[in-house]
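Take a look at the structure below.
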Amino acid sequence: MDLKKREKRGGANVKRKGRRNRKTCVQPPRENWANAYARARMKAGFRQEEASRELHIDTKIISNIENDKHNPTPDIALAMAKLYGDDRLPRKTCREVCAIGRARTIPFDFNLEVVVPLMSKKFDEIRGVLHQLPVLLQKMESHGDFDREEWELLLDYANRIWKFSRDVEILEACIDREIEKTEKKTAYAANK
């Protein structure tokens, strides 16, 4: 059967005079405010097409990332963070995708009213360590220059600094979680 006969019967997928092509999508774009990557893109004022051009990736990849079908690779997450101006995106990728990041993720929320004063106290302690550290390291050039007590003191200082940096990471992850929850709530409220 040729095309003209199929057109008369209504079976051809050809746009007819006065009718809308049924393949055309007329829905407005749905913005996924539940996804951090979509929120960051929309806050930066980019459409998916513009972001894909800037990031040199296909719009389908961006769509899949924003609809939680795929996780972005670290290089894409870094490029998105740079383009959108949101440095939390690579940390989110690390927490969700990277084995090291998942192992270091804290599964519970902290009561910030309790944690912040404790962190302030630890910060004062670390500040004291940082004042004493240059005095300890001033005349030492190698491991052999330390006596046993100085070496143990240096290891103690290093251990305190490592623990404090870990506590700061935990606090940062907790604050990121709170910011993300708040952004979702305000985005949902604005869309209603």
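Loop only by DSSP, 12 or fewer other Cβ within 10 Å of the Cβ. Give me the trypsin sites (Lys or Arg not before Pro) in the stretch 127-182 that pass, ordered by residue number.
Sites meeting the loop and neighbour criteria: Lys139.
Debye calculation, C-alpha points only, no solvent: report log10 I(q)/I(0) for the stretch 53-182 at q = 0.10, 0.14, 0.19, 0.22 Å⁻¹, in the same order as the q values.
Per q value, in the given order, log10 I(q)/I(0) is -0.53, -0.82, -1.07, -1.25.
Sort His56, His70 so that the residue with the fewest other Cβ atoms within 10 Å of its own Cβ comes first and the one with the most comes last.
Fewest to most other Cβ atoms nearby, the residues stand as His56, His70.
Set Lys and Arg Cβ to +1 and Asp and Glu Cβ to -1, take the dipole of the stretch 39-86 about its Cα centre, and tell me which of Pro72, Leu83, Ala44 lies farthest positive.
With unit charges placed on the Cβ atoms, the residue in question is Ala44.
Given charges of +1 on the Cβ of Lys and Arg and -1 on the Cβ of Asp and Glu, with all other atoms neutral, how large is the dipole of the stretch 112-183 about its Cα centre, in debye to the nearest 20?
So the magnitude is around 120 debye.
Please compute the alpha carbon radius of gyration of the stretch 112-183, then divide it by the globular-protein estimate 2.2 N^0.38 Å. Two decimals is fine.
Output field value: 1.48.
Report, as a whole number in µm² per second, the diffusion coefficient that Stokes-Einstein gives for the stretch 36-104 at 25 °C and 0.890 mPa s using the Kirkwood radius over alpha carbon pairs.
206 µm²/s
Of the options Val115, Leu155, Met140, report the single residue whose Cα projects farthest towards the positive end of the charge dipole of the stretch 112-183 (beta-carbon charges: Lys, Arg +1; Asp, Glu -1).
Farthest along the dipole direction, towards plus: Val115.
Read the figures in this text as sums done on the coordinates, not as results from a lab. Because the structure is predicted, anything quoted here is derived from the model rather than measured. Glycine gets a Cβ as well: all are built from the backbone with ideal geometry, and neighbour counts include every protein chain shown.
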